Amino acid sequence: MGATLASFFQLLADRQPLGLDVVFTPSYCDSCFKQLAYYDLIPIFGYLRQHGHCRYCDHNIAPDSLIWEFIGGFSICWMASQNYLFNGHYLLVQILILQLAIFDAQHFYVDQLYLTQLFIIVILLWGSSLVTNLIPAILCFVVLTLLSYLSKGLGNADVQLISLALLAIGFTATLWLCLLTNLFILIHFLLRRTQTKFPFIPYFYIALLTLPLLPIK
Ligand SMILES: [Zn+2]
């Protein structure tokens, strides 16, 4: 399920900014525009079976699709094995953050619609229990917005996501997530120094997977 959703979110990230249809137009090759067969669309296996090439024009398909399908599948299995997914409606929130992560990785920004949708879902699911973290979340939003404005490094979507995490899971858990996210970005930078700009949310999504292991309630 995770791999299939990751595959669909990549299609959304590809087509939505261009205003293309995402419901009725079947998947096609970006190079020769031929419609793909159903067996090419099976997540992970479709890519591996064709060795990352289009079966019609041999066009090279970026390994990103395979990586995201794997992360999507693995992350849902991992969180389910940790009894995390069905506890407090966490599954839906994780899926929505996966969508943000894939969009951010591709475009280095996130459509405000996705963030608003996540915000509404968090409020509907957790409701009155969010009140305890409301003031820290607002303060966090104000401080990070200021930092984002002064540094021009942190994106608006990142600020909103961190504030929302603080609202939903509290200060300690959010600090852990931010620390790990930045650590993962730093490690990636040290391994690949030519890349100077990093999307925040994909690494935040990976950091989310450590939640069951963190020394917090
Ligand atoms: Zn092709």
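All of the numbers you see were taken from the coordinates with simple rules; none came from a lab. Remember, predicted model here, so these are calculated numbers, not experimental data. Methodologically, a virtual Cβ is constructed for each residue, glycine included, from the backbone with ideal geometry; neighbour enumeration extends over all protein chains shown.
Some observations on this one:
- Order of Val23, Val110, Val143, Val93 - criterion: other Cβ atoms within 10 Å of each residue's Cβ, fewest first: Val23, Val143, Val93, Val110
- Likely footprinting exposure, Leu41, Leu18, Leu177, fewest C-beta neighbours within 10 Å first: Leu18, Leu41, Leu177
- Screening the chain for DSSP H helices whose Cα atoms reach 15 Å or more along their own axis and whose mean Kyte hydropathy is at least 1.0 gives 90-107, 112-126, 134-151, 156-169, 171-191.
- Near Ala157: Cβ cut-off under 13 Å, other residues only, Lys/Arg at +1 and Asp/Glu at -1. The net charge is -3.
- Charge sum, other residues only, whose C-beta stays under 11 Å from Asp104's C-beta, Lys/Arg counted +1 and Asp/Glu -1: -2
- Contact order relative to length of the stretch 1-81, as percent, for alpha carbon pairs under 8 angstrom and 6 or more apart: 44
- Under the Debye formula (equal points on every Cα, no solvent term), log10 I(q)/I(0) of the chain at q = 0.08, 0.09, 0.11 Å⁻¹: -0.31, -0.39, -0.59
- Cα gyration tensor shape for the stretch 1-55, rounded if a/c is under 1.5, else prolate or oblate: oblate
- Loop-resident sites, the stretch 106-203, for chymotrypsin sites (Phe, Trp or Tyr not before Pro), counting at most 16 other Cβ within 10 Å (DSSP): Phe108, Tyr109
- Neighbour-limited loop hits for trypsin sites (Lys or Arg not before Pro), the stretch 1-52 (at most 13 other Cβ within 10 Å; DSSP other than H, G, I, E, B): Lys34
- Projecting the Cα atoms of Asn182, Ile169, Ser128 onto the charge dipole of the stretch 93-217, computed from C-beta unit charges around the Cα centre, puts Asn182 farthest toward the positive end.
- You can think of it this way: the chain between Ser148 and Ile216 has 21.7 nm of extra reach, that is 0.36 nm per residue less the Cα-Cα gap.
- Tyr28 long-range amide H proximity, modeled H, under 5 Å: Leu36
- Lys, Arg +1 and Asp, Glu -1 on Cβ, resulting dipole of the chain about Cα centre, debye, nearest 20: 380
- Dipole in debye (nearest 20) - the stretch 93-217, about Cα centre, beta carbon charges: Lys, Arg +1; Asp, Glu -1: 300
- Dipole-positive endmost among Gln160, Gln50, Phe119 within the chain (Cβ charges, Cα centre): Gln160
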